[in-house]
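Here the structure comes first, spelled out in structure tokens, and everything after it is commentary.
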Amino acid sequence: MWGSRKSTSVSGGTTLISPETVIVGDVHFCGNLDVEGLVQGNVIAQPGKDALVRVVGKGRVEGDIRVPCIVINGAVQGNVYSSKHLELASKSRVQGNVYYTLVEMVAGSEVNGSLTHLTEAGAIAETPVAGVEKAGPADESAPKIDLALKVD
């Protein structure tokens, strides 16, 4: 994934939130968004448009991310919703629930919350994880698994 040198981008312009920048409020965008600073609010892709967000280095998002393609190698304190592709790199730290269609996790990545698979139609389906039990009462209709996961 990270060593493959594949290009991860979508068509359109690129917006950079630089390391010393703090954005307070929601960010609505299309194209590419690179977060190296801090966003205190939600990051939301414009509906029907290609969008990719990268939270890199010491970049942080304190809010939800709702973007089709997401690459995280920084910190997110909030829920993550990816309708296409999610990459969790070795320094990624997610404090919240993750909803994904396709996910790649590298050794060292960390998710403190539930992982929930989205089916192609956008419905939530349960994702089995070996050795992890569901929290709460045994309700088979519950579509998520609560867990703290660190890939080593």
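Brief remarks on what is shown
- One decimal place: the segment residue 15-residue 58 gains 13.8 nm when fully extended, by the rule 0.36 nm per residue minus the C-alpha distance.
- Amide H contacts of residue 96 (H built 1.01 Å from N, under 5 Å, at least 5 apart or other chain): 78, 112, 113
- Karplus-based coupling profile of region 80-87, in residue order and whole Hz: 10, 10, 10, 8, 10, 9, 10, 10, with θ = phi - 60° in 6.51 cos²θ - 1.76 cosθ + 1.60 and x standing for Gly or Pro.
- Net charge of the neighbourhood of residue 75, taken over other residues with C-beta under 9 Å away and scored Lys/Arg +1, Asp/Glu -1, is +3.
- Between residue 84 and residue 49, residue separation times 0.36 nm minus the direct Cα-Cα distance comes to 11.4 nm.
- 13 Å beta-carbon shell around residue 29, net charge (K/R +1, D/E -1): 0
- Estimated vicinal HN-Hα couplings, Hz - region 43-53 in sequence order (Karplus 6.51, -1.76, 1.60; Gly, Pro = x): 10, 10, 7, 5, x, x, 10, 5, 8, 9, 10
- Charged-residue dipole, Cβ positions (Lys, Arg, Asp, Glu), region 10-105 about Cα centre, Debye nearest 20: 120 debye
- With a cut-off of 13 Å between beta carbons, the residues surrounding residue 43 carry a summed charge of -1, where Lys and Arg count +1 and Asp and Glu -1.
The numbers here are math on the coordinates, done by the rules we state, and not lab data. No experiment lies behind these values; they were computed from the predicted model shown. Every residue, glycine as well, gets a Cβ built from its backbone with ideal geometry; the counts of neighbours run over all protein chains shown.
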